[in-house]
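This report refers to the structure that appears directly beneath it.
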Amino acid sequence: MAGEETAPGAESRAHLKELLAIGVVSSVLGVALGILIDWFPAQASEEAERVDTLWDVLIFASVPVFVLVMVVVLYSVWRYRMKPGEEEKDGPPIHGNTRLEIIWTTIPAVILVALCSYSYVVLTDIEDARADAMNVRVVGEQFTWTFYYKNPDGGEDVASPQLYVPQGRQVSFTVQSKDVIHDFWVPAFRMKIDAVPGVDTHLRVTPKTIGRYPVVCAELCGLGHAVMRQTAHVVTPDKFEQWLADRAAMGEGGGEEQAGGETGGGAAPDGKAVFTDAGCGGCHALADANTTGGTGPDLDEGLKGKDEAFIEESIVDPSAEIAQGYSDGLMPATFGNSLQPAELDALVKYLAEVTG
Ligand code: CUA
C-alpha cells in the first residue's frame, strides 16, 4: 500500500485534504456553470426578476451539496476499491457517531428552512394583488387559447385570439378550460397555472418589457398540444387602450370609422396577418404564409377550388364537414367568436385568393 510508512491518522488526513480540494474546485465549477449559462428567456414581467434570483440562490445552495456528495462517493470508490489480496482488510464496523449525526442533520435542516422561508416570501410577494389590477379571462381548449377582456363600452366581453397586456399594470388572469386540462404559460413572464375544466384558476402578472412573447400550453392535452401556441403582446398602456377600443368597436360592426391604430385594428384587417396572429399556421400548411403545420389539413390542397362560403363554414363550424383522415373536434370551434367579423371576412377572402 502507498502510505505504509506514515501513521494511519496522517494518511486519512491527507486523503481528506485531497477530497476537500477536489470538492471545492468542482463546486466552484458547478456553481459557475449554473450561474453563467443563460437558461431562461427574456424577463418580460416584474415577477421574472424575483423568480430568476430565487433560481440563482437555489443553484448556490444546492450545487455544492450535490457536488460534494458525488465527489465523496466517486473518490471512495476509486481510492478505497478492493484490490486482489485485500479481501480481509475491511475495517471494524462502526455503530453510530452522535456528533456526526447531529452535524449532518442540523446543516441540511438549516439550509432547507432558510430556502423554504425565502421561497415563501418571494411567492407571497409576487402573488400579491394590486388595487389597479386588470382582469383577463383565458379560456383553453383543444388546441387554442382565447382571451376575453371587459368591454370598455359596457357590452359583451371582447374576445381575442392574441393576448394583449399593458406594460406596468398588474393583470389578473382567470384561467378556464372547455375540455381537458391545459396549462397557461408565458415563459417570459415565468408564471404558469393549470386550466382545469369546471374550475377557475388564477394567476397574476405585471408585464414589464414591451415585446412579443410566446404563450404556450404546458400540459399534455392531446394531438395538437405542441402547436397550442399563441403570442403575448406587451404594449404601452395607451396602445393597449387603443387596441381594446378598436377591438370592441369591431365587434359592434363599427368597422368603418375607427382610427386605424398601430395595433392592427384598422378599417380593413389584413387576411394574412389574421392567419398568422390567430395561429392557424401552427396546425395548417399554407404555402403563401410559409407555414408547414401538419396537425390539420394542408390548406393549399384542401381549399383548392372551394368557395368563400365553404371556407367560412370550415372556420366557424368545423364539424359541418370533416376533411378525410382528420377527426371531429381537432379544430377549435371558437374562431367564429374570437375573430371579429371583419377579421373573419379578411381571413376567408385571403384563403380563397391564395388557394385558388
Ligand atoms: Cu393544451 Cu397542451
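For the chain, what is the mean residue ellipticity at 222 nm derived from helices alone (per DSSP H run of n ≥ 4: -39500 (n - 2.57); sum divided by total residues; nearest 500 deg cm²/dmol)?
Details: 9 runs with 146 residues, N = 356.
The per-residue figure over the chain is -13500 deg cm²/dmol.
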Original post:
Short version: ³J(HN,Hα) in whole Hz for each residue of the stretch 345-356, in order, from phi by Karplus 6.51 cos²θ - 1.76 cosθ + 1.60 (θ = phi - 60°), x for Gly and Pro, what are they?
Top reply: 4, 5, 5, 4, 4, 4, 5, 4, 5, 7, 9, x
Subject >> Residue with peak Gaussian network fluctuation, the chain [Cα springs, cutoff 10 Å], from Phe143, Phe310, Phe189 >> reply: Phe310
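If you place +1 on the Cβ of every Lys and Arg, -1 on the Cβ of every Asp and Glu, and leave all else neutral, what size is the dipole of the chain about its Cα centre, to the nearest 20 Debye? Each step should come with its number before you reach the end.
Values: 25 positive and 51 negative charges, 331 e Å.
That gives a dipole near 1600 debye.
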Original post:
In the chain, what percent of the accessible surface is made up of carbon and sulfur (1.4 Å probe, ligands and nucleic acids excluded)?
Top reply: 60 percent
**OP:** Could you check which residue among Gly325, Gly271, Gly91 shows the biggest mean-square fluctuation in a GNM of the chain with a 10 Å Cα cutoff?
**Re:** Gly91
Subject >> Alpha-carbon centroid distance for the pair the stretch 185-258 / the stretch 125-159, whole angstrom >> reply: 8 Å
Original post:
Equivalent-ellipsoid semi-axes (√(5λ), Cα gyration tensor) for the chain, whole Å, largest first?
Top reply: 58, 25, 17
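The values are calculated or read from the model by the stated rules, or taken from the named source; none is laboratory data. Note that this is a predicted model, so its numbers are computed, not measured. So basically every Cβ, Gly included, is an ideal-geometry build from the backbone, and we count neighbours across all protein chains shown. Surface areas here come from the heavy atoms of the whole protein model, side chains and all, with no ligands, DNA or RNA. Shrake-Rupley method; radii C 1.70, N 1.55, O 1.52, S 1.80 Å.
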